[in-house]
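The values are calculated or read from the model by the stated rules, or taken from the named source; none is laboratory data. Everything numeric here is computed off the predicted structure, so don't read it as measured data. Note: ideal-geometry Cβ built from the backbone for every residue, glycine included; neighbour counts use all protein chains shown.
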Amino acid sequence: MYSGRVMAEYGLMPAADPGPAHAVPLPVLVVGGGPAGLAAAAELARHRVGCILIEPRTEVSHRRPRAKTTSIRTMEHLRRWGAADALRAAAPLPVSWSQRVTFCESLSGPRITDFDGAFGLTVGRDDRFAEAGQQVPQPVVEEVLRDHLRRQRGVVLRLGHSAVALTQDDAGVTVAVRDAAGSGYLIRARYVLGCDGASGVTRELAGARYAGRADPRPNFNLVFRAPSLDPHLGPAVQYWVVGAGPSGTSGLIGRLDLGGTWWAILPGVEAAYGTAHAAELITGLIGARVDHEVLATDPWTARMLVADTFRDRRVFLVGESAHVNPPWGGHGFNTCVGDAVNIAWKIAAVERGWAPPDLLASYEPERRGVVEQTVASAEANMRAPADGLPRDAAAIQRAKRAEFYSLGLVLGYSYAGSPVVQPAAAGPAPAPADATSYTPSAEPGARLPHFWLPDGSSLYDRLGRGFTLVGPTGPADPAVADLAKRAARRRIPLTVTSPPSGYPWRAEFLLVRPDQHVAWRADDPAGLDIETAAGFDVASRRAR
Ligand SMILES: Cc1cc2nc3c(=O)[nH]c(=O)nc-3n(C[C@H](O)[C@H](O)[C@H](O)COP(=O)(O)OP(=O)(O)OC[C@H]3O[C@@H](n4cnc5c(N)ncnc54)[C@H](O)[C@@H]3O)c2cc1C
């Protein structure tokens, strides 16, 4: 617990009404309201578990757009939360406007090659997923999620507040918080999700350290207005200006909206040079002088970092507080959302009394592999920067394909090997997932293969908030009824649904977790260990 002395040490004056810091333990305190924190709160809200989210930024900044790629998988999570349509409506670039990345000599120069259907952008229905990807600036995603959370019961958004210190004991965590006026107060919660990014405080307070390295090359981002700019190359979500040589300008450029606001990334450009020569750099990318107004600049360096641990007892590191990868491929914020969903449904299950705290031990084993694969893939993409590519279509197609088509990474990752996922049958280990192509699989650990139903709805819309049995028979089957009884004994919520005809796994019983991953599969429901999947007696049950 914090004494008045410790509060003073952090420069915290008691707030006028600090609230009941110790009286009513809050289930979860979410520290940080970037994509990871907002996603964690949305997932907790889906399971009706309360949280307070503290975030220093009262407003999101549209001048620092950062992520634009919202992956198919993140869109599927938004659909689970009931926020996918709101995001599509708020996105300034509709998917139908363009699904293309164009490589060119400049925006006024010749086209070199295109990648169509990049980043999971498609207007057609595809049985493999419930939602297409979406290009949308990160601040828009954050605003949509803030609005979504404001409508959720049990979620309190405290904007202008930041964490400064924490202590924990067997029953909970006490966090010292500073509000916008500089006053301090304490929040007591059973769990803390450290979603405060790379420069937050939770990682250090939890005793974790990043391992990895930073790329020595600088990068320089620009946001500018140029309403008259309308490239002859036609619509594209990104234009890569390549092969300009040492004296020219290479980089990426794209529209933030259809009203004349643009972003650009200039690899290898120092902040001081970029600031002084912004007009020259913009002219270089466009290949002609165009009236423009620079709105913002944002220097950054790529980093490949993974924390040595994602957990300290009741404190979990989520998103960039646990790992950072270069933005190439557009996985950064999507991986953070994946972390948030993974830990939040598990904490919700514990809080709602249908899973033991042991379930939480599966967070790091499940996410570490995904994170490491993402960091490696993003680093590989970084090895072919805009200023290192030749003006050669075939060479570009070879070098950049994995960056724009990464469905294997986005949908094909698996939690196989997790203590709460059915162990693989003896035999040769499956080959690691290919990052570019995705082959639907119902192997335990994989994301449930998606399918569209005859009425136009998604199989995912039939899944419950808890576990779901997807199988050929329903509750009238005594074996299914028996599984339901076992679930009820442990108070595990279980929904039962049948897949449509044509579903390739129709004859099997698939036990699906709240995050849509297959926990167990069997020919008979008696073979589904729902207790282990929910974290009960994990060690002893798996030893049998
Ligand atoms: C140029 C660039 C382009 C990118 N493009 C993409 C892309 O296309 N697709 C993609 O997926 N990703 C992309 N990314 C990465 C993406 O921006 C990050 O991965 C994402 O923002 C990380 O989310 P987060 O919530 O973990 O952390 P952050 O976004 O850093 O959020 C952390 C939050 O915690 C708050 N905070 C900090 N300290 C405290 C404290 N003490 N108490 C409480 N709150 C605190 C901060 O204010 C912040 O809001 C890009 C990044 C860059 C630099």
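Which residues, counting only those in the stretch 483-492, are within 14 Å of Asp529 (Cβ to Cβ) and surrounded by fewer than 13 Cβ atoms within 10 Å (Cβ to Cβ)? Result: Arg489, single match.
Output the residues belonging to the stretch 493-512 that are in contact (Cβ under 8 Å) with a residue 40 or more places away in the chain and touching a strand residue (DSSP E or B) at 6+ places or on another chain (Cβ under 6 Å).
If the condition is that a residue be in contact (Cβ under 8 Å) with a residue 40 or more places away in the chain and touching a strand residue (DSSP E or B) at 6+ places or on another chain (Cβ under 6 Å), then Pro499, Glu508, Phe509, Leu510, Leu511, Val512 are the ones that fit.
The listed residues are Ala180, Ala208, Ala171, Ala176, and the only one of them that is assigned to a loop (DSSP other than H, G, I, E, B), in contact (Cβ under 8 Å) with a residue 24 or more places away in the chain and either touching a Phe, Trp or Tyr at 6+ places or on another chain (Cβ under 6 Å) or away from the ligand (no atom under 16 Å from the Cβ) (or both) turns out to be Ala171. Scanning the stretch 249-267 for residues that are more than 16 Å from Glu105 (Cα to Cα), touching a residue at least 60 places away in the same chain (Cβ under 8 Å) and part of a loop (DSSP other than H, G, I, E, B) yields Leu256, Asp257, Leu258, Gly259.
The set of residues in the stretch 107-147 being farther than 30 Å from Pro56 by Cα and charged (D, E, K, R) consists of Arg111, Asp114, Asp116, Arg125, Asp126, Asp127, Arg128, Glu131.
Within the stretch 20-40, residues that are over 13 Å from Thr202 (Cβ atoms) and assigned to a loop (DSSP other than H, G, I, E, B) reach no partner that is modelled with pLDDT under 95 and within 7 Å of the ligand (Cβ to nearest atom) with beta carbons closer than 9 Å at six or more positions or on different chains.
To keep it simple, each residue is scored yes or no on (1) within 28 Å of Arg367 (Cα to Cα); (2) in a strand (DSSP E or B); (3) not basic (Lys, Arg).
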| site | (1), (2), (3) |
| --- | --- |
| Ala476 | no, no, yes |
| Ala481 | no, no, yes |
| Ala487 | yes, no, yes |
| Arg491 | yes, no, no |
| Val496 | yes, yes, yes |
| Ser501 | no, no, yes |
| Val518 | yes, yes, yes |
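In the stretch 214-248, which residues are outside any strand (DSSP E or B), among the hydroxyl-bearing types (Ser, Thr, Tyr) and at pLDDT 95 or above? Within the stretch 214-248, Ser228 is the sole residue that qualifies. Residue count for the stretch 204-229 under the criterion of being surrounded by 13 or more Cβ atoms within 10 Å (Cβ to Cβ) and farther than 30 Å from Val192 by Cα: the result is 13.
Taken as a whole, the condition of being part of a strand (DSSP E or B) and either touching a strand residue (DSSP E or B) at 6+ places or on another chain (Cβ under 8 Å) or more than 22 Å from Asn219 (Cβ to Cβ) (or both) applies to Val294.
Being without any contact (Cβ under 8 Å) to a residue 40 or more places away in the chain and outside any loop (DSSP other than H, G, I, E, B) narrows it down to one of Ala272, Ala302, so name that one.
One residue alone meets the criteria, Ala272.
Being assigned to a helix (DSSP H, G or I) and among the hydroxyl-bearing types (Ser, Thr, Tyr) is the filter here; which residues of the stretch 366-414 pass it? Hits for the stretch 366-414 are Thr374, Ser377.
Scanning for something more than 17 Å from the chain's Cα centre (by Cα), assigned to a helix (DSSP H, G or I), in contact (Cβ under 8 Å) with a residue 12 or more places away in the chain and away from the ligand (no atom under 16 Å from the Cβ), does the stretch 70-86 turn up at least one residue? Yes, the stretch 70-86 contains a residue that is more than 17 Å from the chain's Cα centre (by Cα), assigned to a helix (DSSP H, G or I), in contact (Cβ under 8 Å) with a residue 12 or more places away in the chain and away from the ligand (no atom under 16 Å from the Cβ).
Of everything listed in (1) under 27 Å from Gly353 (Cα atoms); (2) out of contact with any Ser or Thr (no Cβ under 6 Å at 6 or more places or on another chain), the single unmet condition for Phe451 is (1). Out of Phe103, Phe115, Phe119, Phe129, which single residue is away from the ligand (no atom under 13 Å from the Cβ) and not in a strand (DSSP E or B)? None of the other options fit; the residue is Phe129. Does any residue of the stretch 417-427 turn out to be over 19 Å from Ile265 (Cβ atoms), in a helix (DSSP H, G or I) and more than 15 Å from the ligand (Cβ to nearest atom)? No, the stretch 417-427 contains no residue that is over 19 Å from Ile265 (Cβ atoms), in a helix (DSSP H, G or I) and more than 15 Å from the ligand (Cβ to nearest atom).
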